[in-house]
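Novice: Below is a structure I'd like to ask you about.
The values are calculated or read from the model by the stated rules, or taken from the named source; none is laboratory data. Computed from a prediction, not measured in an experiment: that's the story for all the values here. Glycine gets a Cβ as well: all are built from the backbone with ideal geometry, and neighbour counts include every protein chain shown. Each accessible area value is taken on the protein alone, full model and side chains, heavy atoms only, with ligands, DNA and RNA left out. Shrake-Rupley method; radii C 1.70, N 1.55, O 1.52, S 1.80 Å.
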Amino acid sequence: MNSQSDMQDTAEYVPFEEFRQGLPQGRFRVIVNPALAAAFVSHRTYAMPLAIALIGPGIALALAGLPWAGGPLVAAGILLRWSVKSHAPRILLHLATRVPSVYEQATVHGVMEVRRADPAAALR
C-alpha cells in the first residue's frame, strides 16, 4: 500500500480553538455521519431520559382517565425524540463549536470529520 494514499484516507487533527475560529470563515469542511450523530446528540443532550420522563407520566394520566392531560405529554416526548434525531447534525455542529469536550469526542469517535478547505476550490 502506498503511504500517499494512507495520508489521503486519514484527516489531520485540527485543534478546537482553530476549528472554532476558522469554521465561520470557511477554512474547514465538516462531514457529519447522520446515523452516528443522532445517537451521539441524543446521549449528549439527555433526550431519551427526558422523553421517557414526558411519555411515562403521559401514559399514566391517559390510563387514569385524563387523556387530554396525558396526550400532550406523550406527543411532546415523541416530538422531542423526533426533533433531536432529525436535526442531530445541526445540533452536533452547534455543540462542537461551543464545547471542547463535544468536539473532541465527536472527532475521535468518527461522528464528525473536520478537513481543511481546499483554497483552490474556494476561488472557483
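Novice: For a quick check of your reading of the model, give me the residue pairs whose first member lies in segment 73-102 and is of a type in the set (S, T, N, Q), whose second is not in a helix (DSSP H, G or I), with beta-carbon atoms closer than 9 Å and at least 6 apart or on different chains.
Specialist: Going by the 9 Å Cβ cut-off, the qualifying pairs are T97/L23; T97/P24.
Novice: Could you check how many residues of segment 41-68 are farther than 30 Å from E104 by Cβ and either open to solvent by 50 Å² or more (accessible area, probe 1.4 Å) or under 25 Å from the mean Cα position of the chain (by Cα) (or both)?
Specialist: Total meeting the criteria: 12.
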